[in-house]
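The values are calculated or read from the model by the stated rules, or taken from the named source; none is laboratory data. What you see is a predicted model; the values in this text were computed from it and never measured. Heads up, the Cβs are rebuilt from the backbone with ideal geometry, glycines too, and the neighbour counts pull from every protein chain shown. To get the accessible areas, we keep the full protein, side chains included, count just its heavy atoms, and leave off ligands, DNA and RNA. Shrake-Rupley method; radii C 1.70, N 1.55, O 1.52, S 1.80 Å.
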Amino acid sequence: MSDETQTPPEWRNFYGRIRGKTLRSSQKTYLSEDLDTLRPEGVTREENPERLPIEPAALFGDDRSVWLEVGFGGGEHLVHMAARYPEVGIIGAEPFINGVAMLLGKIRAAGVTNLAVHPGDARDLMEVLPAASVAKAFLNYPDPWPKRRHHRRRFVTAEHLLPLARVLRPGAEFRVATDIPDYVRQTLTEVPKAGFALVASVATPWEDWISTRYEQKALREGRVPHYVTFRRL
């Protein structure tokens with residue numbers, strides 16, 4: 001069978017819904033007025049069907065270190081880190097449009113200028129980022145996909161981790177926060193296979209951590225957060 005007629009591999013989403021409740025008028029304003037200036041060009045397949053690399057320096061105007069947050073939820077952690085580390089450029093990827101709108105509102109309120117926002121699948125972004133171009137990555141409270149038959153949809157599988165490993169530079173830090181014990185188990189099993197060394201797996205958050213709304217919900221419901229740190233080999 002020729003390459004042209006082969007069936008492409010299945011593309012499994014590691015996230016759930018992309019839309020939630022009806023957006024408030026202010027959130028619609030954020031999306032219409034702010035997103036285009038923050039969104040990296042050349043990420044989507046429509047814009048870049050040849051999947052040519054994009055240059056992170058073009059996003060922030062210089063050669064600063066670039067960090068990546070996969071699935072930023074409501075944007076609390078992303079904006080917090082941008083404010084704490086203004087010398088760093090941080091790219092956030094999130095397909096849930098309500099979360100994108102919430103983030104844009106937080107960006108306006110905080111006045112941070114060192115963020116780029118991809119309102120879509122992080123894999124599209126990782127496909128076009130140059131190899132070894134990212135210095136740190138975050139995966140905070142990802143969709144747990146609790147049913148066993150859905151565990152292959154979790155981000156901590158080879159189809160997601162290998163692209164992440166490609167864009168992370170040697171020595172880069174990869175942080176994972178979750179309140180699901182089985183997600184911790186799978187993380188500890190699968191991430192090292194993709195080229196990472198375990199640094200820490202603890203119940204104490206990082207010194208620069210901010211508790212997100214997802215974490216607060218977990219705490220209210222009696223679940224215990226866990227924080228795992230890896231280093232890219």
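With the checklist (1) touching a residue at least 40 places away in the same chain (Cβ under 8 Å); (2) open to solvent by 50 Å² or more (accessible area, probe 1.4 Å) in hand, flag the one item residue 66 doesn't pass.
(2)
Select from the stretch 187-213 the residues that are in a helix (DSSP H, G or I) and surrounded by fewer than 19 Cβ atoms within 10 Å (Cβ to Cβ) and list them in ascending order.
Matches in the stretch 187-213: 188, 189, 190, 192, 193, 213.
Give the residues of the stretch 162-186 that are open to solvent by 10 Å² or more (accessible area, probe 1.4 Å), within 23 Å of residue 222 (Cα to Cα) and not in a strand (DSSP E or B), sorted by residue number.
179, 180, 181, 182, 184, 185, 186
Is it fair to say residue 93 is open to solvent by 10 Å² or more (accessible area, probe 1.4 Å) and among the hydrophobic types (A, V, I, L, M, F, W, C)?
No.
Anything in the stretch 189-212 that is touching a Phe, Trp or Tyr at 6+ places or on another chain (Cβ under 9 Å) and among the charged types (D, E, K, R)? List them, or say none.
Once the filter is applied, which keeps residues that are touching a Phe, Trp or Tyr at 6+ places or on another chain (Cβ under 9 Å) and among the charged types (D, E, K, R), the stretch 189-212 yields only 208.
Starting from the stretch 22-49, keep only residues that are in contact (Cβ under 8 Å) with a residue 60 or more places away in the chain, then list their pairs with residues that are assigned to a loop (DSSP other than H, G, I, E, B) and polar (S, T, N, Q) whose Cβ atoms are within a distance under 7 Å, requiring at least 6 positions of separation or different chains.
Listed pairs, sorted by first residue: 42/48.
Report whether or not residue 218 is small (Gly, Ala, Ser), open to solvent by less than 20 Å² (accessible area, probe 1.4 Å) and in contact with a Pro (Cβ under 8 Å, 6 or more places away or on another chain).
Yes.
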